[in-house]
1. About its Cα centre, how strong a charge dipole does segment 421-473 have in debye, to the nearest 20, once Lys and Arg get +1 and Asp and Glu get -1 at the Cβ?
2. I'd like the antiparallel share, as a percent to the nearest 5, of DSSP beta bridges with both residues in segment 502-710.
3. At a Cα cut-off below 13 Å, give the aspartates and glutamates reachable from K431, other chains included and same-chain residues fewer than 8 away excluded.
4. When N is the residue count of segment 421-473, what does its C-alpha Rg come to as a fraction of 2.2 N^0.38 Å?
5. Of all the C-alpha pairs in segment 2-79, what % are more than 22 Å from each other?
6. May I ask which residue of F450, A49, F338 lies farthest towards the positive end of the charge dipole of the chain, with charges of +1 (Lys, Arg) and -1 (Asp, Glu) on Cβ and the Cα centre as origin?
7. Suppose every Lys and Arg Cβ carries +1 and every Asp and Glu Cβ carries -1, with no other charges. What dipole size does the chain come out with about its Cα centre, to the nearest 20 debye?
8. Against the empirical 2.2 N^0.38 Å scaling, what ratio does the C-alpha Rg of segment 141-245 come to?
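Coordinate-derived values only; no laboratory data. Predicted, not measured: the structure shown is a model, and the values here were computed from it. Virtual Cβ from ideal backbone geometry, glycine too; neighbours counted across all protein chains shown.
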Amino acid sequence: MTEVASNVVYEVLGPRAQDLDQPIIDYIINVLADEDFDFGYEGEGAFDAIGELLVDSGCVTDFSECHSVCGRLSEKFGKHGLIKIKPAVRSLATPFRMNEGMDEEKAPKKKPEPVDGPLLTERDKIKLERRKRKDERQREVQYQIHLAEMEAAKAGMPVVSVNHDNSAEGSTIRDIHMENFNVSIGGRELIVDCTVTLSFGRHYGLVGRNGTGKTTFLRYMAMHAIEGIPKNCQILHVEQEVVGDDTSALQCVLNSDVERAHLLEEEARILKKQRDSEMDAEGKDPNGINDDGIAQKLEVIYKRLEFIDAYSAESRAASILAGLSFTPEMQKKPTRAFSGGWRMRIALARALFIEPDLLLLDEPTNHLDLHAVLWLEAYLTKWPKTFIVVSHAREFLNTVVTDILYLQGQKLTAFKGDYDTFERTRAELLKNQQKAFESNERSREHMQSFIDKFRYNAKRASLVQSRIKALERLGHVDEVVNDPDYKFDFPTPDDRPGPPIISFSDASFGYPGGPLLFRNLNFGIDLDSRVAMVGPNGIGKSTILKLISGELQPSSGTVFRSAKVRIAVFSQHHVDGLDLTSNPLLYMMRCFPGVPEQKLRGHLGSFGVTGNLALQPMYTLSGGQKSRVAFAKITFKKPHIILLDEPSNHLDLDAVEALIQGLVLFQGGVLMVSHDEHLISGSVDQLWAVSDGKVTPFSGTFHDYKKKLQS
Ligand SMILES: Nc1ncnc2c1ncn2[C@@H]1O[C@H](COP(=O)(O)OP(=O)(O)OP(=O)(O)O)[C@@H](O)[C@H]1O
Ligand SMILES: Nc1ncnc2c1ncn2[C@@H]1O[C@H](COP(=O)(O)OP(=O)(O)OP(=O)(O)O)[C@@H](O)[C@H]1O
């Protein structure tokens, strides 16, 4: 059997086989020839088993070619009778319906589709059920342990507050030199043996693919868990939103100046004491009170308050909050009245107010509207100290950073300049490395062939010896290993419902008890629409998406939705709402019961959730990895219209590129809410501006819109 299998593998791979080392080919043949190997639907089992290997080894150029090679392998193996018929093949009597389960939350709970196969006995069923429950309990326990660990880590974090001593003497913290450090999580090494110096006053952009370890690295630094970080260096990692309580947003920011708060409290206490003693003295001799001590104390407090610039603190805090789009009324509201996104902004405002020695920002623009992003860009550009910002927004990085820290292959490398400069420098370096590698290989082969040829020739013994030495001296140059390309594959719907698809006729909407957000909206969306909606936070963009998808109904007027149209919605809510105790594959299996596992794996794979990642507990996934799972889920049923609310949040720059390509190739309508200039200009052809309860087409590019806002 292995011989026939070997012939089939060579036949299908053809000249590609030349790119594979013999042990790899042998491995592939052995895996596929195993009589228990499951090729799955259209070879997806083969894709799962050897797909990454084929791509990584350069045998196929990308995952799409890989899919077709695996499909052909499966077909040929079948033709040669090498595939054992699996009893679990789905029955044709239970066809797969494309419009089912579009929205997990709303779809009625379906019974798993029946499958042909050996019938389980009652005892087996009970056993299976018991094992399932046990697995679920174990996953839940692991998640709870993880939460407890996170809480403990948070509790161990040094408290960071405004440090006036530093500003008085000029900061004592200058450059930070971290040498030979490692970063790991859950037994997985993310950074190995790296040395990095952060020069004082430089602004670093930390970039790298989703899941490489950027957030974990920032956490390590915030916990001072890397050697070389001075103990007294104040590091603030803006990761958690502020606690929701009765403190106003403004006060919450001001409270981070602990010394000021303490001095003001002391002042109030002394003044009260003074008032009380004046009252006691009423009717007695008023000049009898000995208030010299009180006056002296107050003088000390006032001097210090003046020294630490306490009287301007309120206006500074207010102006930061205003920059992040908090109106004066909002600044007075208690923090518990704000949503998570807004509380995150308060956390950002507090960090900017504190001005720590080293500020660590993790994707700060994700929570902001364009106004606030532009304000933050201007603020950070003038930042007097060091910061590191993780961001996947190219324009933002180009504006605010002076250096790039690039995390790839467990190594952290520093580059001078903005993101565009980094891209150019890196491309140049890779080109040179490849050239050096090829020339090194040529010299090596040349010397080796001379040595092999004359090894037993006594006359040339000394020459051979010198070649052997030269070969030993010849340095090693690493071959360029490119990150695997990934694609965002939005499947083409099998049908194309005729117009009208979605149309708003005099539709008005306001939340119950609230003001009218929109009045008499009239517009339509069809399968050719490519639109981006822009407008400030809270203006109602997400509400429009909900009116389109049918999650909300207009207060008056109508929103028509073709009965045949399938709409998919992607939002942060879908990413945050993933079941954290599950894993990507289990999650997909629950959303689409009865669909073969291989098919779900293949679909997750088309969004870069491959191999082990598909089986990793969801709570361990990075932001970008979770986004990909959400993308895979919403597109599985081949929607006609895709509604996207800030889709590029968390996605790395290559993934945004893949998202753009995916959307360009998608054969349906797209409506997105975004302020990612690169994404908008690459994937849509119309801008709609939302303001004053209206949605109006904007004649101009996103760049023009940005200019208009700035003016
Ligand atoms: N307990 C764990 N076991 C195994 N792997 C883990 C565990 N926890 C996290 N990981 C993995 O460690 C990696 C680091 O995640 P991290 O959030 O630091 O990445 P990131 O570079 O910030 O990603 P993103 O750009 O998507 O935000 C991820 O690939 C994640 O899947
Ligand atoms: N369920 C709700 N009940 C009451 N008011 C709501 C509800 N959801 C949103 N709102 C309010 O309606 C307004 C519009 O909200 P929406 O989320 O649509 O705005 P947006 O433009 O998408 O904002 P963002 O950019 O922050 O997502 C906001 O003032 C918001 O506070």
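1. On the way: 13 positive and 7 negative charges, 60 e Å.
The calculation lands at about 280 debye.
2. On the way: 16 of 33 bridges.
Of those bridges, close to 50 percent are antiparallel.
3. Straight-distance partners of K431: E423, D478, E479.
4. 1.68
5. Working: 280 of 3003 pairs.
The proportion of pairs with Cα distances above 22 Å equals 9 percent.
6. Selected residue: A49.
7. Details: 85 positive and 100 negative charges, 303 e Å.
Dipole magnitude for the chain comes out near 1460 debye.
8. On the way: Rg = 15.6 Å, N = 105, 2.2 N^0.38 = 12.9 Å.
Here the Cα radius of gyration is 1.21 times the empirical estimate.
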